[in-house]
1. Can you tell which of 51, 43, 67 is in contact with a His (Cβ under 8 Å, 6 or more places away or on another chain), at pLDDT 95 or above and of a type in the set (Gly, Ala, Ser)?
2. Checking residue 249 against (1) in the same structural domain as residue 220 (by TED's automatic domain parsing); (2) not in a loop (DSSP other than H, G, I, E, B), only one condition comes out false. Which one?
3. Quick one: which of 199, 204 is under 18 Å from residue 129 (Cβ atoms), buried (at least 18 other Cβ atoms within 10 Å of the Cβ) and more than 12 Å from the ligand (Cβ to nearest atom)?
4. Restricting to the range 5-41, name every residue that is within 16 Å of the ligand (Cβ to nearest atom) and open to solvent by 90 Å² or more (accessible area, probe 1.4 Å).
5. Which of the residues spanning the range 195-221 are part of a helix (DSSP H, G or I) and in contact (Cβ under 8 Å) with a residue 12 or more places away in the chain?
6. Can you pull out every residue in the range 42-64 that is in contact with a Phe, Trp or Tyr (Cβ under 7 Å, 6 or more places away or on another chain) and either β-branched (Val, Ile, Thr) or open to solvent by 10 Å² or more (accessible area, probe 1.4 Å) (or both)?
7. Within the group 65, 108, 78, which residue is under 22 Å from the mean Cα position of the chain (by Cα) and in the same structural domain as residue 284 (by TED's automatic domain parsing)?
8. Looking for something more than 16 Å from the ligand (Cβ to nearest atom), within 21 Å of residue 220 (Cβ to Cβ) and crowded, with 20+ Cβ neighbours inside 10 Å - is there at least one such residue anywhere in the range 156-168?
Amino acid sequence: MSRDASIKAFEEAQSLIPGGVNSPVRAFKSVGGVPVFITEGEGAYLTDVDGNKYVDFVQSWGPLIFGHRDETIEKAVIEAVKHGLSFGAPTQAETDLAKLVVGFFDSIDKVRFVSSGTEAVMSAIRLARGFTGRDDIVKFTGCYHGHSDSLLVEAGSGAATFGNPSSPGVPADFTKHTLLATYNDIQSVKKCFADSKDIACVIIEPIAGNMGLVPADKEFLHELRKLCDENGTLLIFDEVMSGFRATLHGAESITGVKPDILTLGKVIGGGMPVGAFGARAEIMAMLSPDGPVYQAGTLSGNPVAMAAGLAALTKLKQNARVIAVLEERAKRLVEGMRKSASSYGITMQTDVRGSMFGFFFNEKPVKNFADAANSDAELFAKFHSGMLNEGYYFACSLYETGFISTAVTDEMIEDTIRASAKVFKAITNG
Ligand code: KE4
């Protein structure tokens, strides 16, 4: 498989854009080789500048649950564009999408749209601090909540990939209010509450996807909820990635634990830039212009992005079984790859939540970031490159999650499993 055109494109990009990419994890740094430059997506496939086609298991890091160029979403965007790109004024589309989003979750009465997950989480943290009058926050090592200063502490995703989970450029004064706990370890959270009586919120990915896929234990979340209630602290579920990917009604619908604030992104924009944060009315009443907590955005609620989000979520609402169908396919994929690996003496830990799947080359189950970091990164890199050469596009970091879209057929799943056996054979000279 030639990638000469990608190599050339990457060289030029690097002369003008730091690392040649506009988001670090895309640089393929942890898996080696050159990132493939994409010319188009169609259904389950990506095509690169060399004309190579790949089955896409990244789907723009989650948004494209219906695959590339979904007809319904594309039609809605084209129709919206005919009426203008942006007004900086309220539109009915924003209200319509807000109604749809709120309707999916018991935990929220109101929602505010922004243009990225980072903005959603940054705003949610400020809202929690404003509502409680407290300054400290608790996050979990390995969880990634976007790149706002307070949260770039032991973060996952690209930050973990590059080994700078606590980024330079963030003043200690900013992060001194950020306390760290260990995922799935309630004692570590209790220690935070012993160390600080000023905790505004605990933020967690209830289904973590940024240290690889590591769902929180149900009982852990229940204990977390209890601790927050005992201390007057707000619980924030960051479901920017897992929202509408693991389930249509949030982690709350499968764990029975309701957050005070919920953040969303990715799928709710259908591939266009949309983030959102929501909460019960008394918390959202603190938000400007109703309340004193300021938050704003030029392109927040952009009508074209709203049209894409409305099309995507309406389609999900009309096809409620879609997550269950995608979960079956995801389970078949990871079980098939696990068996392929095992036949070549390789142990693969796998997990699935709805249309999200994860795997680690690790002898032990992965329950937190330290476990994830103990996985065989070298073997992951070889697997990623091998599968890429077979025409399968997996996330280019072991600290990411894979996704199944409705465009990925059963046949593609079987082909991927066969390709994985070929790759494991080559890796082990089996
Ligand atoms: P964005 O600002 O990238 O839209 O969202 C930040 C964010 C917040 N919360 C969670 C749980 C997230 O997963 C993300 C972003 N996810 C990464 C992928 N792991 C985005 C990919 C990238 O950084 O390029």
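The values are calculated or read from the model by the stated rules, or taken from the named source; none is laboratory data. Everything quoted here is computed from the prediction, not taken from an experiment. In this analysis, Cβ positions are derived from the backbone assuming ideal geometry, glycine residues included, and neighbour counts consider all displayed protein chains. These accessible areas exclude ligands, DNA and RNA; they are computed on the full protein's heavy atoms, side chains included. Shrake-Rupley method; radii C 1.70, N 1.55, O 1.52, S 1.80 Å.
1. None of the others qualify; the one that does is 43.
2. The one condition residue 249 does not meet is (2).
3. Values: 204 fails: more than 12 Å from the ligand (Cβ to nearest atom).
199 is the lone residue from the list that is under 18 Å from residue 129 (Cβ atoms), buried (at least 18 other Cβ atoms within 10 Å of the Cβ) and more than 12 Å from the ligand (Cβ to nearest atom).
4. Passing the criteria: 18, 22, 26, 29.
5. Restricting attention to the range 195-221, the residues satisfying the condition of being part of a helix (DSSP H, G or I) are 195, 218-221.
If the condition is that a residue be part of a helix (DSSP H, G or I) and in contact (Cβ under 8 Å) with a residue 12 or more places away in the chain, then 195, 218, 220, 221 are the ones that fit.
6. Kept after step one, since they are in contact with a Phe, Trp or Tyr (Cβ under 7 Å, 6 or more places away or on another chain), are these residues of the range 42-64: 45-46, 48-49, 53-59, 62.
Within the range 42-64, 45, 46, 49, 53, 55, 58 qualify.
7. Numbers: 65 fails: in the same structural domain as residue 284 (by TED's automatic domain parsing); 78 fails: under 22 Å from the mean Cα position of the chain (by Cα).
Of 65, 108, 78, the one residue that is under 22 Å from the mean Cα position of the chain (by Cα) and in the same structural domain as residue 284 (by TED's automatic domain parsing) is 108.
8. Let us first name the residues in the range 156-168 that are more than 16 Å from the ligand (Cβ to nearest atom), namely 166, 168.
Adding the requirement that they be within 21 Å of residue 220 (Cβ to Cβ) leaves none.
So far as the range 156-168 goes, no, none of its residues is more than 16 Å from the ligand (Cβ to nearest atom), within 21 Å of residue 220 (Cβ to Cβ) and crowded, with 20+ Cβ neighbours inside 10 Å.
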